[in-house]
Amino acid sequence: MKPFNQPDAGHAVESQQAYTQARQSMVANIRDMAAADRSWVAGARSEKVLAVMSRVPRHCFVPQALRPHAYGNHPLPIGHDQTIGTGSGYQAAVLSGLAGQVYSLEVVPQLAASVARLLAALGYANVSVKAGDGCLGWPVHAPYDRIIVTAAAKHIPQPLLDQLKPGGRLVIPVGGHAEFQQLQLITKDAAGQLQHQAIEPVRFVPFIGAE
């Protein structure tokens, strides 16, 4: 793959082609891993999800120096002790292609401000970004059909459960910060009862908040 950062227009075109190829390779790798391990959740095998991921320019959501590594299967730092996810805007960009409206909370104000500008510049008009404590959710827009947490919590914050719509789903990594956590799927039925399902071991940065 040719270097991504080149000064002239010709190389800029090559860079975009390289990004596109890397993105398609990333999606193909996800598809292969999901096919090889049927324990993966259905979303990992969803062609709709993979189609959205094949369009979102992940390299735009990481620092310039890390763009050559944007499509690798590993976390990437984005500053403020955070990794690519909510704080970078990438998660919201993917979800924007799957939902009518996305509300994204980021605890670091500087990241929230930069994410809001980036998403707007890239044309993701159905995403609203707010600086705030993710443990407390965003009550004004509740209840939510889906809630996705991209940081590890020691326990599931009650406000998020309260803001989940009956029939809704919450995905969150739960566990200590010094070891692997367990990705959990919580479903709320029509009567408001909760069902918990363990998905797989994961590693996330700590969930920072009042809970």
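Read-outs throughout are calculated quantities, based only on the coordinates presented, and are distinct from any laboratory measurement. The model shown is predicted, which means the values in this text are computed figures rather than measured ones. Because the Cβ atoms are built from the backbone with ideal geometry, glycine has one as well, and the counts that use them run over all protein chains shown.
Miscellaneous remarks
- Neighbour-count ranking [beta-carbon atoms within 10 angstrom, fewest first] of 83, 187: 187, 83
- For the stretch 191-207, putting each phi into the Karplus relation 6.51 cos²θ - 1.76 cosθ + 1.60 with θ = phi - 60° gives couplings of 8, x, 7, 10, 10, 10, 9, 7, 9, 6, x, 9, 10, 10, 5, x, 6 Hz, in residue order, rounded to whole numbers and with x for Gly and Pro.
- Relative contact order of the stretch 133-211: 33 percent, from C-alpha pairs under 8 Å at least 6 residues apart in sequence.
- Placed amide H near residue 85: partners under 5 Å, 5+ positions off or other chain: 90, 91
- Residues whose amide H lies under 5 Å from that of residue 104, counting only those 5 or more places away or on a different chain, are 128, 129, 130; hydrogens are built 1.01 Å from N in the peptide plane.
- The long axis of helix 9-36 is offset from the longest Cα principal axis of the chain by roughly 40 degrees.
- Among 204, 160, 186 - extreme Cα towards positive end, dipole of the stretch 133-211, charges at beta-carbon: 186
- Entry note, the chain: relative contact order of 12 percent, from Cα contacts under 8 Å with a spacing of 6+ residues.
- Of [x] -1.35, -1.51; [y] -0.99, -1.07; [z] -1.22, -1.39, the label for log10 I(q)/I(0) by the Debye sum over Cα atoms at q = 0.17, 0.18 Å⁻¹ derived from the coordinates: [x]
- Isotropically averaged projected area of the stretch 42-88, using the convex hull of Cα atoms (one quarter of hull area), nm²: 3.7
- Here each label is just a point 7 Å from Cα along the line to Cβ, and for residue 165 and residue 28 those points are 3.8 nm apart.
- Net charge dipole size for the chain [Lys, Arg +1 and Asp, Glu -1 on Cβ; Debye, nearest 20]: 380
- Panel order for 30, 172, by other beta carbons found within 10 Å of each beta carbon, from fewest to most: 30, 172.
- Considering only Cα atoms, the convex hull volume of the stretch 136-211 works out to 75 Å³ per residue.
- Put simply, the Cα atoms of the stretch 92-144 extend 28, 26, 15 Å along their principal axes, the longest span coming first.
- Lys/Arg +1, Asp/Glu -1 at C-beta; the chain dipole; positive extreme among 75, 15, 177: 15
- Segment residue 35-residue 202, extension gain: residue separation times 0.36 nm, minus the distance between their alpha carbons: 58.2 nm
- Against the main long axis of the alpha-carbon atoms of the chain, helix 109-121 sits at an angle near 60°.
- Antiparallel DSSP beta bridges within the stretch 63-211, percent to nearest 5: 60
- In plain terms, the residue of 60, 135 with the fewest other Cβ atoms within 10 Å comes first and the most crowded comes last, giving 60, 135.
- Each of 123, 110, 151 was placed along the dipole of the chain (beta-carbon charges, centred on the mean Cα), and the one lying farthest toward the positive end is 123.
- Cut-off 15 Å between beta-carbons: net charge of the residues surrounding residue 108, Lys and Arg +1, Asp and Glu -1: -1
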